[in-house]
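Quick one: structure below, then a few questions.
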């Protein structure tokens with residue numbers, strides 16, 4: 001799923017609705033290297049609260065990304081947990097004005113009653129990523145002279 005129709009939400013008497021949405025997620029390029037979500041799908045927990053013609057959308061996800069460690073180039077698997085909130089009024093993201101002559105995307109994640117869940121998930125994951133993706137916090141990296149993995153040979157040295 002890449003888009004979700006907000007009209008499909010069925011609100012109960014308390015004006016709230018919940019959905020778990022499988023969202024297809026393309027690989028990320030971070031530091032010139034590609035990282036993927038295992039299976040290419042993230043389960044997004046979507047909570048919606050309605051007051052008159054306004055919706056408050058809350059998203060939460062827990063996943064992992066995997067790819068090469070940025071220190072030793074070994075396999076890295078990093079857990080990611082992220083949450084976000086978006087406001088929708090009359091089917092459009094809060095504060096977003098649409099002009100038929102402009103091709104600009106709205107600031108929020110909804111246009112009309114269609115929620116761009118793929119873009120929201122990618123943004124949430126991107127904001128939650130650490131500054132450096134490593135296989136473990138104490139990764140020693142590679143030797144700057146010969147490229148040897150310093151995790152496998154911690155006493156590695158070069159004679160001068």
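Report, by residue number, each residue of region 116-160 that is outside any loop (DSSP other than H, G, I, E, B) and under 15 Å from the mean Cα position of the chain (by Cα).
Residues of region 116-160 outside any loop (DSSP other than H, G, I, E, B): 117-128, 142, 149.
117, 118, 119, 120, 121, 122, 123, 124, 125, 126, 127, 128, listed by residue number.
Also, quick follow-up: Which members of region 1-34 meet the condition of being more than 16 Å from residue 119 (Cα to Cα), in a strand (DSSP E or B) and touching a strand residue (DSSP E or B) at 6+ places or on another chain (Cβ under 7 Å)? Quick ask: steps written out before the conclusion?
Of the residues in region 1-34, the ones more than 16 Å from residue 119 (Cα to Cα) are 7-20, 30-34.
The next check asks that each one be in a strand (DSSP E or B); those that pass are 16-20, 30, 33-34.
Of everything in region 1-34, those that are more than 16 Å from residue 119 (Cα to Cα), in a strand (DSSP E or B) and touching a strand residue (DSSP E or B) at 6+ places or on another chain (Cβ under 7 Å) turn out to be 16, 17, 18, 19, 20, 33, 34.
A follow-up question, please. Counting only residues that are part of a loop (DSSP other than H, G, I, E, B), at negative phi and modelled with pLDDT of 80 or more, which one in region 60-114 is surrounded by the most Cβ atoms within 10 Å (Cβ to Cβ)? Give the steps one after another, and end with the answer.
Our first condition is that a residue be part of a loop (DSSP other than H, G, I, E, B); within region 60-114, this holds for 69-74, 90-91, 94-109, 112-113.
Still in the running and at negative phi: 69-72, 74, 94, 96-109, 113.
In the following step, the residues that additionally are modelled with pLDDT of 80 or more were identified as 69-72, 74, 108-109.
Numbers: 69: 21, 70: 19, 71: 20, 72: 21, 74: 15, 108: 19, 109: 23.
Applying the filter and picking the extreme gives 109.
Quick one: in region 7-34, of everything that is touching a helix residue (DSSP H, G or I) at 6+ places or on another chain (Cβ under 9 Å) and touching a residue at least 60 places away in the same chain (Cβ under 8 Å), which residue is nearest to residue 130 (Cα to Cα)? Even if it seems obvious, please write down each step before you answer.
Initially, region 7-34 is screened for residues touching a helix residue (DSSP H, G or I) at 6+ places or on another chain (Cβ under 9 Å), giving 19, 21, 23-28, 30.
The next check asks that each one be touching a residue at least 60 places away in the same chain (Cβ under 8 Å); those that pass are 21, 23-26, 28, 30.
On the way: 21: 25, 23: 22, 24: 22, 25: 18, 26: 19, 28: 13, 30: 11 Å.
The qualifying residue nearest to residue 130 (Cα to Cα) is 30.
Hey, could you check region 35-59 for residues that are more than 14 Å from residue 14 (Cα to Cα) and not in a strand (DSSP E or B) and say which is farthest from the chain's Cα centre (by Cα)?
Here the answer is 53.
The values are calculated or read from the model by the stated rules, or taken from the named source; none is laboratory data. Owing to the predicted nature of the structure, the values given are computational and were not obtained by experimental measurement. For neighbour counting, all protein chains shown are included, and Cβ atoms are generated from backbone atoms with ideal geometry for every residue, glycine included.
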